[in-house]
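Below: one structure, written as structure tokens.
The values are calculated or read from the model by the stated rules, or taken from the named source; none is laboratory data. Since this is a predicted model, take the numbers as computed values, not measurements. Neighbour counts run over all protein chains shown; Cβ positions are idealised from the backbone, glycine included. Please note that ligands, DNA and RNA were not included when accessible areas were found on the heavy atoms of the full protein model with its side chains. Shrake-Rupley method; radii C 1.70, N 1.55, O 1.52, S 1.80 Å.
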Amino acid sequence: DQQVKQNSPSLSVQEGRISILNCDYTNSMFDYFLWYKKYPAEGPTFLISISSIKDKNEDGRFTVFLNKSAKHLSLHIVPSQPGDSAVYFCAANWGVRFGNEKLTFGTGTRLTIIP
Amino acid sequence: EAQVTQNPRYLITVTGKKLTVTCSQNMNHEYMSWYRQDPGLGLRQIYYSMNVEVTDKGDVPEGYKVSRKEKRNFPLILESPSPNQTSLYFCASSRDRGTRAFFGQGTRLTVV
């Protein structure tokens, strides 16, 4: 049972435009969400996170939106740059409240920025 | 430089031959985890450790062992590897529960 779902395996966006990556989750216990970016032959690197007490978190060109009622979060990248081409993983955790270390990842979305 | 170091980066082995993938972090993090990445399945947690001598199973622990005798090291042991353990493995560490994890560069394991 996939508790964190990224339904789009791939996404292509023109350079300079907005990239929107989506993630849905089924476990209402999740209270902390993270986005990771992964280049080929490298480990995932942390991008941005959001706690369930917020509905938006912004860091430079990256903004994460959380809609708890819909169990949906999205990552917006504005403007998109060629260096943003990578695989993006959404992850969720309910460790903050219950002391659980486990991160549950989605299957990833491959973002390609077209120059 | 803060980092998580895994070795080896690439490994080809035969079925049944015991192997160990090492993982070391220099950030004094309490929490460490092992993940495997497979096509269409994303990253799945194998084992995690909340501190020295404290480990617990993740989603896919079968066929793996871990130990945490020192804070900085968290080796992954495959006592009798099988072809279905062919995968890309990542070690990660984090400072607190639920916070951002730092990942190693990965170990690509092939079991023939």
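Contact map, the range B:10-36: first residue of a type in the set (V, I, T), second residue open to solvent by 60 Å² or more (accessible area, probe 1.4 Å) and part of a strand (DSSP E or B), Cβ cut-off under 7 Å, separation 6 or more or different chains; pairs are B:T22/B:N7. Within the range A:37-52, which residues are farther than 16 Å from A:N22 by Cα and of a type in the set (A, V, I, L, M)? Hit for the range A:37-52 is A:A41, nothing else. Selection of first residues in the range A:54-73 that are without any contact (Cβ under 8 Å) to a residue 40 or more places away in the chain and of second residues that are aromatic (F, W, Y), restricted to Cβ pairs under 9 Å at least 6 apart or on distinct chains, gives the following pairs, ordered by first then second residue: A:D55/A:F65; A:K56/A:F65; A:N57/A:F65; A:F62/A:W35; A:V64/A:F33; A:V64/A:W35; A:L66/A:F33. For the range B:60-86, a residue qualifies if it is within 14 Å of chain A (Cβ to nearest Cβ) and either buried (at least 17 other Cβ atoms within 10 Å of the Cβ) or without any contact (Cβ under 8 Å) to a residue 12 or more places away in the chain (or both), and the qualifying residues are B:V60, B:V66, B:R68, B:F74. Which residue, of B:Y10, B:Y35, is within 14 Å of chain A (Cβ to nearest Cβ), at pLDDT 95 or above, within 30 Å of A:S10 (Cα to Cα) and open to solvent by 50 Å² or more (accessible area, probe 1.4 Å)? Answer to the selection: B:Y10. Tallying residues that are at pLDDT below 95 and surrounded by fewer than 12 Cβ atoms within 10 Å (Cβ to Cβ) within the range A:10-33 yields 1. For the criterion of being more than 9 Å from chain A (Cβ to nearest Cβ), buried (at least 16 other Cβ atoms within 10 Å of the Cβ) and out of contact with any Pro (no Cβ under 9 Å at 6 or more places or on another chain), B:V52 fails.
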